[in-house]
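Working notes, structure below.
The values are calculated or read from the model by the stated rules, or taken from the named source; none is laboratory data. If you're wondering where the values come from, they're calculated on a predicted model, not measured in any experiment. All Cβ positions, even for glycine, are placed from backbone atoms using ideal geometry, and neighbour counts span all protein chains on display.
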């Protein structure tokens, strides 16, 4: 029988206001693939960051080969044989394959102490051969495909004699063929006794490749099942852990005429022939896995990214949306996915953030009139119940939920008729989620058309009137409310 | 309250440092606190101070302009050359052409940076070389004498015993502190510098704002150039050599962040004063010019190091 390669025991990590990882224990055996699953915000990434030495553990222990290790830096993690292949690959694109594989440890010639390129290339080729890859060690990494870059990262791990390899969403950007090739690579790593933690949202894939599956939810360990002894339904219900409707308000609103019509939206290589309508008072959900193109559609709707082709009709009138300013003029509001880097100006105060989209309205002339500014800010703090000592506090000092309310308030101040929202409740507490859903309900009642992009399955199924499933940049299926359950939605989204 | 507290302590420590320098120099030189020395000190800092005030806005937007010195040189040469023609334009027109010189350079800088998305340091470094080079070409590397009433008044005239350059500096400081701290435009400058992505998504037109800032910076440099002509009665390509370094040092000393989004006009005024007092005090205490440069370099590094340490502490807490 194989031995325990890695044991993470009672790991805890909290950030201000959030228990990101709460008493989680996992173990990994040599030569096995452990699927790690959970919704966004379940705490998988935080757990892996602690294993990689990128985040400090609050409490708990890590054992490698049954010996307690202290991982307090990325180097300590690597020295203990852990290698993490991140979703956003961190290859050094301007260097050669060999330099990437040997990063920082290129072999030197004994006599001259200069780099021994021949040896470096030979050893690189050997590591790549173990992966059945024919990438030339001399190639510059930027010329490689995403799959080949991943192989370079795996080769780097092999070269470092990694015992534990973590792969975070490795297939998100891969074609089916490349995904299959990657699985072959994973199998050969298994044979060499490497333990692999495989993180993916694509449930079919995890069932195909893993030996056991560990599920996390809301920062907690939910359970580990042998893959052969469970099924997708069980894993999904472990991931979600709550029944629909249990927690979502029933959004009732009258749907009137078409507010916005999108026809033949194309961004070359990213989205293809996207057409849909959204009515006044309707919530239209767009659901897709990472890299599906949902986010690009949302950004195109507000003119944040250039499109190659496509037409927008608002209230029946053909409209072009060139940039976000233009979108605002056309009464399109936007809540971006990344609250900290796109939604807010962290160094600005609550007041300054809430009035950023409506600077022009802060007084009739050139000067900002403080009374107007204050009253707008106070209005939203009250209306959205934003918990802040006062409106002069910098938003970076507030909790995620309150920050998200500020993003919402800032957009609503412009009285949008169409609201494009991306992951409105990611990483925020249950109470604030409820507040936000209620706000959306009110908007619908007032005839606002909402386009909701979310990867939160229960959320999108519960609050949308219709859901469009996007995969590979195309609309794959449309579900009316109540037509699809969570499994079906995930299933459709993971098809290519 | 915490924010206001921080602002006060930053500016307080700057003015405390300024006070410290003044006390030290009042001991090392009996002339330092004399009336004439103080007036001459203030007059001397005014011309670079004007450029520093405007550069503060550029740097808050996360930009930089190192073509300032070159623009100063070019402006003095353009103005003096036009004036020394056998049948010169009227002076007001010559001055407008002089001011347009910097404005045009600023427009080109702004276009490259905002529209072409070129790096501000490299763009304005190129502009610095081009303007300086043009100044040498136009003047044939000669100094061009210019004794003229208007420029003389701008540089050496007084109103209520206050020299004109000081008045111009104060007016510039007042106008730009209103723009920066009170106006809608000022708010967009901070928003762009603090987080350009969020500013864009909030519907702010980033490109025009950036272009305007570089235009203003070029214009300010030309104003500095015109003051310098009056002070020296000569237009020459070497005018303003190294001024960009002085100006950038003053702005950084004043607490403006290289990473954008932070800075005040008050801080920059403090920075300009510190640099002016240090140069003046060291000079009248007998330190040679070549040594002054070393002090300036050290001050620049200290300013940046202080900022880095402060940021690190903020992140840690």
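Taking the range A:214-259 as the range and being under 25 Å from residue A:46 (Cβ atoms), assigned to a loop (DSSP other than H, G, I, E, B) and modelled with pLDDT under 85 as the test, the residues that pass are A:218, A:241, A:242, A:247. Taken together, B:78, B:105 contain a single residue that is closer than 30 Å to residue B:187 by Cβ and modelled with pLDDT of 95 or more, which is B:105.
Answer yes or no: is there a residue in the range B:178-195 that is buried (at least 24 other Cβ atoms within 10 Å of the Cβ) and within 18 Å of the chain's Cα centre (by Cα). Looking for residues that are buried (at least 24 other Cβ atoms within 10 Å of the Cβ) and within 18 Å of the chain's Cα centre (by Cα), one finds at least one in the range B:178-195, hence yes.
Matching residues to (1) under 19 Å from the mean Cα position of the chain (by Cα); (2) surrounded by 23 or more Cβ atoms within 10 Å (Cβ to Cβ); (3) not in a loop (DSSP other than H, G, I, E, B):
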site	(1), (2), (3)
A:434	no, no, yes
A:438	no, no, yes
A:442	no, no, yes
A:447	no, no, no
A:458	yes, no, yes
A:467	no, yes, yes
A:476	no, no, yes
A:479	no, no, yes
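For residue B:281, the conditions (1) within 27 Å of residue A:345 (Cα to Cα); (2) crowded, with 20+ Cβ neighbours inside 10 Å are fulfilled apart from (1). The conditions of being outside any loop (DSSP other than H, G, I, E, B) and away from chain A (no Cβ under 14 Å) are not met by residue B:174.
Conditions (1) more than 23 Å from the chain's Cα centre (by Cα); (2) within 11 Å of chain B (Cβ to nearest Cβ); (3) crowded, with 23+ Cβ neighbours inside 10 Å; (4) assigned to a loop (DSSP other than H, G, I, E, B), marked per residue:
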{"residue": "A:341", "(1), (2), (3), (4)": "no, yes, no, no"}
{"residue": "A:346", "(1), (2), (3), (4)": "no, yes, no, yes"}
{"residue": "A:357", "(1), (2), (3), (4)": "yes, yes, yes, no"}
{"residue": "A:365", "(1), (2), (3), (4)": "yes, yes, no, yes"}
{"residue": "A:382", "(1), (2), (3), (4)": "yes, no, no, no"}
{"residue": "A:391", "(1), (2), (3), (4)": "yes, no, no, yes"}
{"residue": "A:401", "(1), (2), (3), (4)": "no, no, no, no"}
{"residue": "A:406", "(1), (2), (3), (4)": "no, no, yes, no"}
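Hey, among the residues in the range A:307-321 that are without any contact (Cβ under 8 Å) to a residue 12 or more places away in the chain and more than 30 Å from the chain's Cα centre (by Cα), which one's surrounded by the most Cβ atoms within 10 Å (Cβ to Cβ)? My answer is A:319. Could you count how many residues in the range A:24-60 are out of contact with any helix residue (DSSP H, G or I) (no Cβ under 7 Å at 6 or more places or on another chain) and not in a loop (DSSP other than H, G, I, E, B)? Of the residues in the range A:24-60, 15 are out of contact with any helix residue (DSSP H, G or I) (no Cβ under 7 Å at 6 or more places or on another chain) and not in a loop (DSSP other than H, G, I, E, B). Restricting A:288, A:281, A:303 to those that are without any contact (Cβ under 8 Å) to a residue 40 or more places away in the chain and surrounded by 22 or more Cβ atoms within 10 Å (Cβ to Cβ) reduces the list to A:303.
Here's the yes/no breakdown for (1) at pLDDT 90 or above; (2) over 30 Å from residue A:398 (Cα atoms):
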| site | (1), (2) |
| --- | --- |
| A:3 | no, yes |
| A:20 | no, no |
| A:26 | yes, yes |
| A:29 | yes, yes |
| A:41 | no, no |
| A:48 | yes, no |
| A:52 | yes, no |
| A:60 | yes, no |
| A:97 | yes, yes |
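Given the structure, is residue B:209 more than 14 Å from every other protein chain (Cβ to nearest Cβ) and either in a helix (DSSP H, G or I) or without any contact (Cβ under 8 Å) to a residue 40 or more places away in the chain (or both)? Against the criterion (more than 14 Å from every other protein chain (Cβ to nearest Cβ) and either in a helix (DSSP H, G or I) or without any contact (Cβ under 8 Å) to a residue 40 or more places away in the chain (or both)), residue B:209 does not qualify.
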